[in-house]
Every structure is written in C-alpha cells, then in structure tokens.
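Engineer: My questions will all concern the structure given below.
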Amino acid sequence: MAGYPSEYELDVVLRDGGVARFRPIRPDDSGRLKDFFEALGPESRYFRFFRIKETLSEEEVAFFTQVDYSDRMALVATLDDAVIGVGRYDRAEPAAVIAEVAFAVVDEHQGRGIGTQILQLLTKHARDGGVEHFRAYVLGENRQMMRVFRNSGYELTRTIDSGVFTVDFPTVESEGSLAAEAEREKRAIAASLLPLFFPRSVAVIGASNNPDSIGGKLFNNLLRESLTGPLYPVNPTSKVVHSVRAYQSILEVPDVVDLAYIVVPSRFVLDVARQCAEKGVRGLVVISAGFSEVGPQGAELEKELLDIVRSSGMRMVGPNCMGLLNTAPSIRLNGTFGPVFPPAGNVAMSSQSGALGIAILDYATRNNIGISQFVSVGNKADVSANDLILSWEDDPATDVITLYVESFGNPRKFSRIARRIGRSKPIIAVKSGRTAAGSRAASSHTGALASSETAVRALFTQAGVIRVDTIEELFDAASLLASQPIPRGTRVGVITNAGGPGILAADALEDHGLVLPELSLELQERIGSVLPPAASTRNPVDLIASGGPDEFAHATREVLNSGEVDSLIVIYVPTSPEGADRVAEALRTCQDSYEGDIALLSVFMDASGKAGTKLAGEPRSIPTYLFPEAAALALARAVRHGKWRQRDPGLEVQLDPDATDSIRRVIDSALDRIGDDGGWLEPDEVDACLRAAGLRTPETAVAVGRDQAIATAREIDGPVVLKVLAESALHKSDVGGVVLNVQGDEEVGTGYDQVTAVADDVDGVLVQEFIPKGHEVLIGMAQDSNFGPLVGFGLGGIYVELLKDVSLRIHPITDVDASEMVRETKAFRLLEGYRNQPQGDVAALEDALQRISGLISVMPELVEMDLNPVKVLEPGLGICVVDARMRVEPMGPDELPTMKDLPGVASPTSV
Ligand code: ADP
Ligand code: MG
C-alpha cells in the first residue's frame with residue numbers, strides 16, 4: 001500500500017492493563033468496519049454522526065477505509081482481529097495546517113483509554129505531517145469524548161453553539177501533554193501487571209506429583225505458603241496433584257483464572273497458551289524453556305507465543321524463567337520453583353538469570369532483607385525490567401528497586417524512566433559484562449571510548465542508577481537505602497570500641513570521597529563525660545575495649561542529635577559473648593527514639609550475624625555489615641545517589657517541526673536506499689541533517705573528475721579543501737586523501753591528482769570551503785546497550801583515542817549537561833585561551849551539543865556518528881562541522897513501545 005505508515009502498527013497497554021493493537025486503517029478493513037459499526041451502540045452512533053444512523057453504505061465504507069495517510073488518515077484499534085475503535089482526521093483541503101478529528105469506540109470498550117490512544121497517535125501523525133491544529137465537533141452530552149480531549153493534556157479551547165462544542169487545540173506537544181502521557185504509560189503498565197502479582201486465582205499447567213520435577217516444586221511452593229486465593233493444578237493424566245483435585249485442561253477449571261503458570265514441554269506451550277486466552281486468563285508465567293535461548297527455531301516459537309499473548313490482551317513473564325513471587329500478606333504468592341520464600345519487605349527485584357535468582361533470594365533471606373516482589377524475567381518476550389520498574393514506581397510496598405540485568409531490550413526507555421523513578425525510589429543494578437557499545441561501534445571514536453569501565457560507571461551515575469559489582473554489594477546498598485534516609489551530604493561520624501576497625505573505616509570512607517569532620521569541642525566534651533580518659537572523642541570516636549552498651553548508646557545519641565554529620569557508622573568488635581546482642585539492643589533503642597535524618601549504619605565484626613536480627617524491624621531497621629569497608633562502600637553509594645537527586649537536571653532543546661520534517665525525509669529515503677543491514681549516510685545527507693538541526697557546515701559539493709573539481713572550486717569563495725571519496729579511505733587524512741587550503745585552477749588540479757592517487761576505488765572528491773583557524777574538537781554519538789544513545793565530547797583530531805580526553809553523557813543532553821561536558825575535559829583549557837592561544841566560542845559549542853541531542857531525538861535509527869573535527873571559532877563566530885560521518889540502521893522490533901519511543905517524540909524535560 002502506497003504510503004502505509006507501518007510504524008504506526010503497535011501494541012499498547014491500556015488503562016486497565018489490557019492490551020490492544022493499533023494500526024492505520026487498510027482497504028481490506030471494510031468487513032471489520034461494518035461489524036464495528038454494528039457493534040457501536042445507538043448512542044455512540046448518534047454521537048459520532050450527530051443523527052440516528054442504521055447502516056453504512058458501500059460508498060461510505062470505501063470512503064472510510066481508503067485513505068491517503070496524508071490528507072486523510074485513519075487508525076483502528078483491534079482486539080482478536082475485530083475493530084473496537086476507529087479514529088480519523090481529514091484536512092479541510094490538501095496540505096492544510098488544520099484538520100478535523102473524530103473517533104469512536106464500541107461501548108463495551110469505552111473508558112479503557114482506547115480513544116485517548118487513538119487521539120494521541122493521530123495527533124502525532126498529524127504533527128509530523130505538518131497539521132498544526134485539530135478541530136473536533138462534540139455533542140454537549142458526549143461527556144466521554146470531552147473527557148478524552150481533556151485528559152490528553154493538550155491546550156484546548158472550546159466554544160458551544162446549539163448544543164455542539166467546537167474543540168480546538170494545537171497538535172504541538174506541551175509539558176501538560178507529555179506529563180499526561182508519562183502518567184498514562186505508568187498506570188497502564190502497572191494495571192496490566194496486577195493480575196500477575198495479585199491474581200484472584202492461580203492455575204499451574206503442568207503441575208506434577210513428582211516433588212522433584214519443576215512442576216512439582218512450583219505447585220508445592222504455592223501450596224506451602226497458603227496462597228490466599230484458590231489454586232488449580234492442571235494435568236492431563238493425573239486426577240489429583242498433591243492432594244488437590246486436578247483438571248485435564250485449563251478450560252475445565254470451574255472458576256475464573258487470573259494467572260496461569262505454564263510448566264509443560266515447549267512443543268505444547270502454544271496450545272496451552274491459546275487455551276489460556278480462551279479461558280480469559282490475564283497473566284501467564286511461562287517457566288518452560290526451549291525458546292529464543294536455543295536458536296532460531298525457538299525464536300520463531302517465541303514469536304508465535306507472543307502473538308497469542310498480545311492479540312488476546314494477556315501479559316506474560318518469561319518464557320524460560322523461574323517464576324514470580326509476591327510476599328504481600330494479602331496474597332502470599334510463592335510462585336517460583338526455588339527453595340526459599342523470602343521475608344516480606346520493601347525491596348523489589350527483577351532478575352534476568354533464573355539460577356542467580358535462587359541464590360539472590362537465599363542471600364536476602366539469610367541477611368534479613370525483606371522482599372516485596374521478585375520476578376525472574378527469563379527471555380523477556382513480553383514483560384521486561386522496564387515494565388516492572390514502571391509498575392514498582394507507585395507500588396506502596398516497594399521502596400527500593402533492584403535489578404540483575406544482562407541487557408536492556410529498550411535502553412532509551414530504561415534511561416528515561418530510570419531518571420524519573422530514581423528521584424523517588426533508588427534503583428540498584430548489578431550489571432554483568434561490559435557495555436556492548438565498544439564491540440558494536442568500534443569504528444567510531446566515541447564507541448571505542450564509551451566501552452571503558454569508568455565511562456560505564458559514570459553513565460549509571462548520570463541516570464541515577466546505583467551500579468554495583470556483586471550480589472553482596474547489591475544487598476549492602478539495598479539494606480541501607482531500604483531502611484535509612486539518604487544522607488544529605490558527605491560528612492560521616494564513626495564510633496567504635498577498637499582503634500583498628502576505626503582506621504579501616506576512615507580510610508575506606510576517604511577513598512570514596514567522604515569526609516570525617518572534626519567534632520566540635522562541646523560535642524566532644526558531652527561524649528567524653530561518661531568515658532574513661534583513655535578513650536578518644538575525636539572522629540572516629542574510640543570508646544576503647546571497655547565500651548559497652550551504655551557507652552555506645554550515649555555516644556550514638558549525642559552524635560545523632562548534634563547535626564554535625566550526615567551519617568553515622570557504629571562499629572562493634574565483640575569483647576564478650578553477649579556483647580553484640582546487648583550493643584545491638586542499645587542501638588535499637590537509640591534508633592527508635594530518633595526521628596532526624598542522619599543515616600545510621602552498624603558494623604558487627606561477629607560472623608554469627610545474630611546482631612542483625614535485633615536491628616531489623618519498625619520503625620527503621622539499622623543495616624548491619626560484617627566489615628567496615630562494606631559499610632563505607634554502601635554509604636558512599638547512597639551519598640552519591642543523594643547528590644544526584646539534588647542536581648538540577650536542566651532543560652533540553654527540541655528541534656522545531658520543520659527541522660524534524662526535513663531530517664525525517666532524509667533518513668527515510670536513505671533507509672530505502674541502504675536496506676535492512678544499515679550503512680553510512682552520503683555526505684550530502686549528513687550535511688542536510690546537520691544544517692536542519694541548526695549546525696554550520698562548510699559550503700561543500702561532490703565532484704567527479706578533475707575538470708569538475710576545478711569548476712566546483714571556482715564557485716566557492718576563497719580557498720578550498722579537497723577530500724577523496726572512496727570506500728577504502730575511511731580515515732581520509734591517514735592515507736593522504738585530504739589537501740587543505742588550495743586556490744586557483746592549478747593548485748586545485750594538482751590537489752585533485754594528489755588525493756585521488758591514494759585509493760583504487762575513488763568515487764569522486766569533496767570540494768569544500770576552507771575554514772581557517774579554530775580549535776578542533778570532537779562530538780560523537782554511539783549506541784549503548786544499557787542507555788541508548790551516548791554523546792561524547794573531547795579534543796578532536798588524531799589523538800582522540802590516545803588522550804581519552806572525552807566526556808560522555810546519556811542522551812538527551814540538557815543545557816546543564818552541555819556546560820558540564822565542555823568543562824570537564826582538558827580541551828576546555830585550550831578553549832579558554834591556554835598560553836596565548838585564541839579563545840573559542842564556548843557558548844556556541846554548548847548550543848551545538850544540545851542541537852546534536854535534538855537531532856538524535858528525531859533520528860532513532862542513528863547508531864553512530866563522529867563529528868571530527870568540529871572547529872570552534874573565536875567567541876561570537878560560532879562553530880563549523882568540517883568532517884562528519886553517520887551510520888543508520890532500521891529500527892528492529894522492540895518491547896511494547898509507547899508514543900515516546902516513536903521517531904520524533906522526545907521525552908519530557910522533567911525526566
Ligand atoms: P579524516 O578525518 O577522514 O582524515 P577530515 O575531513 O577530518 O578527514 O580532514 C582532516 C583534517 O583536515 C581535519 O582534522 C582538519 O584539521 C582539516 N580540515 C578538514 N576539512 C577542513 C576544512 N573545510 N577547513 C579547514 N580544515 C579542514
Ligand atoms: Mg576527521
């Protein structure tokens with residue numbers, strides 16, 4: 001179909017957690033459209049057509065289903081291949097900037113957010129196509145439709161005439177519309193996962209009498225914790241499973257089933273999933289393996305499984321996972337086949353590795369760390385870590401989110417939501433392996449630099465994600481953040497009964513950039529009043545070996561109430577058999593009567609771990625560690641996180657719609673030419689994108705042959721630069737393929753001979769305006785498997801990789817980011833005018849970085865880019881990009897996209 005915009009085919013999670021498919025209308029929808037019209041109630045029909053309408057004529061059906069996707073656009077929402085909603089817009093005349101919009105949803109699906117989604121998609125399509133205003137006519141009594149318009153967050157104006165509202169609104173995104181959308185996304189995802197975490201009833205398909213089989217273990221676990229709802233074993237050959245009456249198929253279960261665990265061999269999974277869809281099951285947890293993890297055939301099977309899940313509106317965890325559990329007392333869902341059910345608590349966990357998941361639950365249980373929900377996401381065909389994070393954002397039982405991740409399916413989305421959620425709930429991640437950016441994009445400088453370990457760490461910090469190296473460190477940080485306030489600053493107090501551990505703590509704290517301030521004399525006196533003269537009241541406070549529960553309680557209380565530190569570590573080295581217990585009790589009492597916001601941590605150098613049990617519980621647990629170094633590291637992470645929360649995120653630049661349009665046109669035609677494997681953009685395409693984004697490039701033309709090169713050079717004012725165009729000469733000057741500053745026919749001719757002699761596959765030369773002077777810097781971009789696009793800035797030219805003087809940030813780059821990036825490199829010294837060098841236009845450079853980020857926002861297909869060099873001219877003269885390369889790849893299938901993941905939709909500035 002000509003012009004059919006297939007990027008508008010998407011599955012969307014609705015307000016109530018169901019899933020519907022949205023796509024542009026097609027001519028073959030005529031039958032479905034007639035059925036839809038039949039299904040519309042009389043009232044809806046009246047609202048839509050402003051009169052009682054019984055049937056649609058053939059002409060009407062043809063008119064509605066055949067659109068040009070430009071002046072006339074229509075979208076449908078479908079469920080089980082039936083159309084349940086339709087929306088359209090029509091321009092008053094071709095290419096008009098105003099269009100009339102209308103939509104209708106069948107009665108039984110109203111109120112689910114389908115109208116809102118249709119409107120959202122139509123608005124985006126219209127905006128991209130140059131429609132600036134929407135107008136809708138709404139009957140006064142049609143409250144439902146008015147609500148959809150209001151909830152969209154667009155800036156509406158309404159007028160009423162004879163009972164009909166005229167609603168007008170600009171199609172441009174506003175802060176209101178973006179915020180409304182982020183809120184919708186979060187609610188919808190959370191609602192869709194509710195039947196998985198709080199099912200009214202659960203079935204285990206493949207429940208087995210063999211207690212050693214996975215189906216046996218899982219079923220026994222669910223039984224053992226006395227799941228609050230009914231539990232139904234499904235087994236085709238046994239009438240009874242572990243004393244519970246079993247059913248041959250899920251269709252025979254005489255009750256609604258919200259959640260079904262599937263533990264059958266992979267070849268049966270599709271049939272079983274179809275039966276679940278028929279039964280009206282809302283959530284699946286597919287434990288069975290044999291899918292994409294085993295190769296292409298498995299991947300095909302997984303695709304079919306996902307299709308069943310999506311088209312019936314279910315959600316699915318897995319396949320190839322160990323299950324999911326929820327410790328909430330109202331449900332007690334022990335839905336994994338592992339041996340432990342952890343204590344209830346406020347830490348949520350998503351694990352990409354099943355085996356590790358078991359170890360994690362075991363560790364948490366042994367260390368008294370309470371879990372709210374745990375999900376082993378397996379192959380993440382449907383439910384991803386991103387979905388879980390969104391659902392935990394507003395979950396009252398969860399205060400800290402922990403992740404074991406190997407890869408993110410949608411890194412752009414991860415960094416967008418992590419940055420928002422991290423402001424209220426810390427996200428801690430154990431990330432295995434290094435970032436893939438290096439291996440994928442090694443041909444760009446930025447890619448090579450981004451793979452370094454320090455860069456990865458910095459990037460997690462930028463997103464506000466606390467990155468740890470081991471499971472132990474994960475829980476060290478989680479137990480602190482789950483129980484204590486985030487420290488407001490870097491000042492730490494240490495109280496100990498032995499000098500050695502005090503010094504170890506002080507050293508470790510200082511290594512992490514924390515400080516141990518000298519305590520005031522008044523405070524030292526108050527602490528010292530109950531201590532023997534040999535004790536030290538400086539920081540660390542050393543109570544010496546005679547220090548028991550009373551001395552610890554006294555000193556702790558004094559330091560907590562002094563406000564002279566932001567956090568306090570109390571270290572106890574056992575001096576008697578009951579010592580640890582009694583000191584723990586003393587600390588417990590201090591904590592119970594303390595309401596301030598100084599974080600309290602404890603170290604009990606006692607391997608029995610008994611003190612920890614005393615320190616757990618309401619209103620605040622005190623995290624406990626075996627060694628001072630572990631406490632110092634956990635504390636340093638919390639402090640860094642606190643700093644991140646206090647930082648002003650800044651504002652980002654968004655390109656205007658005209659710029660976006662012309663960039664999209666360039667990319668779309670380039671992708672047609674390049675094909676599915678992706679490839680490099682042509683120089684003129686690169687130039688067009690950069691200019692549209694508002695970046696200066698030199699006057700440039702491609703010339704083929706000596707004569708044309710000379711002719712082209714004549715048309716450019718002043719001296720020129722000649723650069724060879726040849727596939728083999730990626731880095732042109734390395735092979736002698738660049739001559740600078742030539743003028744006049746003779747020089748140009750000689751230059752031409754020179755640069756074309758260096759390769760056998762010469763396609764032509766670039767003839768370019770010569771830009772004298774200027775500092776040479778690099779701006780680059782590479783895709784990262786954790787965070788999506790990264791933007792790098794540093795000193796340009798041939799020494800980039802040698803000097804590693806590059807600062808990296810996750811896209812999008814705000815004004816605050818740009819300013820920091822420029823200032824944290826050595827290149828900045830040069831731009832400031834080092835040793836009589838001319839200064840550079842730093843303001844223009846910061847602006848350029850933000851514009852590049854704006855460009856990346858509208859080019860999700862961009863996988864790597866090197867602008868090297870960008871010439872930074874003297875203040876007031878701006879910058880000029882003299883060499884640029886961009887590589888694009890078509891976007892692959894992804895997890896459930898939302899509007900913001902579509903091309904041309906940027907994330908709100910508040911995240
Ligand atoms: P490559 O990176 O493939 O070797 P460039 O286009 O970056 O090729 O050119 C090499 C060097 O030539 C640049 O680093 C810059 O110093 C200089 N140069 C390139 N184009 C221009 C120009 N238009 N004006 C001034 N100097 C230029
Ligand atoms: Mg270059």
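Engineer: Looking at the range 732-763, which of the residues that are under 44 Å from the mean Cα position of the chain (by Cα) and more than 13 Å from ligand 1 (Cβ to nearest atom) is surrounded by the most Cβ atoms within 10 Å (Cβ to Cβ)?
Structural biologist: Restricting to residues being under 44 Å from the mean Cα position of the chain (by Cα) and more than 13 Å from ligand 1 (Cβ to nearest atom), the top hit is VAL762.
Engineer: Here's a follow-up. As an exercise: evaluate ARG620 against (1) at pLDDT below 95; (2) buried (at least 22 other Cβ atoms within 10 Å of the Cβ) and give the number of the one condition it does not meet.
Structural biologist: (2)
Engineer: Could you tell me which numbered condition ARG885 fails, if it satisfies all but one of (1) within 16 Å of ligand 2 (Cβ to nearest atom); (2) assigned to a helix (DSSP H, G or I); (3) among the basic types (Lys, Arg)?
Structural biologist: With (1) within 16 Å of ligand 2 (Cβ to nearest atom); (2) assigned to a helix (DSSP H, G or I); (3) among the basic types (Lys, Arg) applied to ARG885, the lone miss is (2).
Engineer: Here's a follow-up. How do the pairs read when you match residues in the range 736-762 that are modelled with pLDDT of 95 or more with residues anywhere that are within 16 Å of ligand 2 (Cβ to nearest atom) and part of a helix (DSSP H, G or I), using Cβ under 6 Å and keeping only pairs 6 or more apart or on different chains?
Structural biologist: Qualifying pairs under 6 Å: VAL739/VAL755.
Engineer: Here is a list of conditions, (1) out of contact with any helix residue (DSSP H, G or I) (no Cβ under 8 Å at 6 or more places or on another chain); (2) in a loop (DSSP other than H, G, I, E, B); (3) within 16 Å of ligand 2 (Cβ to nearest atom); (4) modelled with pLDDT under 90, and ALA729 meets all of them except one; can you say which number that is?
Structural biologist: With respect to (1) out of contact with any helix residue (DSSP H, G or I) (no Cβ under 8 Å at 6 or more places or on another chain); (2) in a loop (DSSP other than H, G, I, E, B); (3) within 16 Å of ligand 2 (Cβ to nearest atom); (4) modelled with pLDDT under 90, ALA729 is out only on (1).
Engineer: Continuing with the same structure: Any chance the range 666-681 includes a residue that's over 30 Å from LEU740 (Cα atoms) and basic (Lys, Arg)?
Structural biologist: The answer is yes, given that some residue of the range 666-681 is over 30 Å from LEU740 (Cα atoms) and basic (Lys, Arg).
Engineer: Just one of the numbered conditions (1) more than 20 Å from VAL858 (Cα to Cα); (2) acidic (Asp, Glu); (3) buried (at least 17 other Cβ atoms within 10 Å of the Cβ) is not true of GLU699; which one?
Structural biologist: So the condition that GLU699 fails would be (3).
Engineer: May I pose another question? Would a scan of the range 325-332 turn up a residue that is β-branched (Val, Ile, Thr), out of contact with any helix residue (DSSP H, G or I) (no Cβ under 7 Å at 6 or more places or on another chain) and under 23 Å from ALA429 (Cβ atoms)?
Structural biologist: yes
Engineer: In the range 32-48, which residues are among the hydrophobic types (A, V, I, L, M, F, W, C) and either within 11 Å of GLY85 (Cα to Cα) or out of contact with any strand residue (DSSP E or B) (no Cβ under 8 Å at 6 or more places or on another chain) (or both)?
Structural biologist: Matches in the range 32-48: LEU33, PHE36, PHE37, ALA39, LEU40.
Engineer: Looking only at the range 792-802, decide whether some residue is modelled with pLDDT of 90 or more and more than 16 Å from ligand 2 (Cβ to nearest atom).
Structural biologist: Looking through the range 792-802, none of the residues is modelled with pLDDT of 90 or more and more than 16 Å from ligand 2 (Cβ to nearest atom).
Engineer: If you go through the range 703-726, how many residues are more than 16 Å from ligand 2 (Cβ to nearest atom) and free of Cβ contacts under 8 Å to residues at least 60 places away in the same chain?
Structural biologist: Looking only at that region, the number is 16.
Engineer: Run ASP542 past the list (1) surrounded by 13 or more Cβ atoms within 10 Å (Cβ to Cβ); (2) among the charged types (D, E, K, R); (3) out of contact with any Ser or Thr (no Cβ under 8 Å at 6 or more places or on another chain); (4) within 21 Å of PHE627 (Cα to Cα) and report the number of the one that doesn't hold.
Structural biologist: It fails just one condition, (3).
Engineer: Taking the residues in the range 834-882 that are part of a loop (DSSP other than H, G, I, E, B) and under 29 Å from the mean Cα position of the chain (by Cα) as candidates, determine which candidate is farthest from ligand 2 (Cβ to nearest atom). Lay out the reasoning, then the answer.
Structural biologist: The initial filter retains those residues of the range 834-882 that are part of a loop (DSSP other than H, G, I, E, B), namely 837-841, 859-861, 873-878, 882.
When the remaining residues are screened for being under 29 Å from the mean Cα position of the chain (by Cα), the result is 859-861.
Working: MET859: 20, PRO860: 25, GLU861: 23 Å.
It comes out as PRO860.
Engineer: Right, something else. Could you grab me the full set of residues in the range 680-726 that are touching a strand residue (DSSP E or B) at 6+ places or on another chain (Cβ under 6 Å), within 15 Å of ligand 1 (Cβ to nearest atom), farther than 24 Å from ARG665 by Cα and assigned to a loop (DSSP other than H, G, I, E, B)?
Structural biologist: Passing the criteria: ILE716, PRO719.
Engineer: If you don't mind, another one. If the requirement is being surrounded by fewer than 21 Cβ atoms within 10 Å (Cβ to Cβ) and touching a strand residue (DSSP E or B) at 6+ places or on another chain (Cβ under 9 Å), which of these qualifies: LEU651, LEU635?
Structural biologist: LEU651
Engineer: Determine whether the range 117-128 contains at least one residue that is surrounded by fewer than 20 Cβ atoms within 10 Å (Cβ to Cβ) and without any contact (Cβ under 8 Å) to a residue 24 or more places away in the chain.
Structural biologist: No, the range 117-128 contains no residue that is surrounded by fewer than 20 Cβ atoms within 10 Å (Cβ to Cβ) and without any contact (Cβ under 8 Å) to a residue 24 or more places away in the chain.
Engineer: Filter the range 627-662 down to the residues that are outside any helix (DSSP H, G or I) and among the polar types (S, T, N, Q) and list them by number.
Structural biologist: GLN654
Engineer: Scan the range 863-874 residue by residue and report those that are more than 13 Å from ligand 1 (Cβ to nearest atom) and buried (at least 24 other Cβ atoms within 10 Å of the Cβ).
Structural biologist: First, pick out the residues of the range 863-874 that are more than 13 Å from ligand 1 (Cβ to nearest atom): 863-865, 874.
Scanning the range 863-874 gives GLU864, MET865.
Engineer: Tell me whether the range 764-778 contains one or more residues that are out of contact with any strand residue (DSSP E or B) (no Cβ under 8 Å at 6 or more places or on another chain) and either away from ligand 1 (no atom under 15 Å from the Cβ) or not in a helix (DSSP H, G or I) (or both). Step through it out loud before you land on a result.
Structural biologist: Here is the first cut: in the range 764-778, the ones out of contact with any strand residue (DSSP E or B) (no Cβ under 8 Å at 6 or more places or on another chain) are none.
Among the residues of the range 764-778, not one is out of contact with any strand residue (DSSP E or B) (no Cβ under 8 Å at 6 or more places or on another chain) and either away from ligand 1 (no atom under 15 Å from the Cβ) or not in a helix (DSSP H, G or I) (or both), which makes the answer no.
Engineer: Is there any pair with a first residue in the range 871-882 that is in contact (Cβ under 8 Å) with a residue 40 or more places away in the chain and over 20 Å from ASN836 (Cα atoms) and a second that is among the charged types (D, E, K, R) and outside any loop (DSSP other than H, G, I, E, B) whose Cβ atoms are under 6 Å apart and which are 6 or more apart or on different chains, and what are they?
Structural biologist: CYS880/LYS871; VAL882/LYS871
Engineer: For the range 63-102, give me the residue count where each residue is free of Cβ contacts under 8 Å to residues at least 24 places away in the same chain and either buried (at least 21 other Cβ atoms within 10 Å of the Cβ) or outside any loop (DSSP other than H, G, I, E, B) (or both). Steps first, please.
Structural biologist: First, the residues of the range 63-102 that are free of Cβ contacts under 8 Å to residues at least 24 places away in the same chain: 63, 72, 90, 92-94.
Okay, now just the ones that are also either buried (at least 21 other Cβ atoms within 10 Å of the Cβ) or outside any loop (DSSP other than H, G, I, E, B) (or both), so 63, 72, 90.
Residues meeting the conditions: 3.
Engineer: Cβ-Cβ under 7 Å, sequence separation 6+ or interchain: first residue in the range 42-57 and part of a loop (DSSP other than H, G, I, E, B), partner surrounded by 13 or more Cβ atoms within 10 Å (Cβ to Cβ) and charged (D, E, K, R). Which pairs?
Structural biologist: Partner pairs satisfying both residue conditions: LYS53/ARG45; LEU56/LYS34.
Engineer: Still on this structure: Name the residues in the range 177-205 that are in a loop (DSSP other than H, G, I, E, B), of a type outside the set (Phe, Trp, Tyr) and in contact (Cβ under 8 Å) with a residue 60 or more places away in the chain, would you?
Structural biologist: Hit for the range 177-205 is PRO199, nothing else.
The values are calculated or read from the model by the stated rules, or taken from the named source; none is laboratory data. Since the model is a prediction, treat every value here as computed from it, not as a measurement. Neighbour counts run over all protein chains shown; Cβ positions are idealised from the backbone, glycine included.
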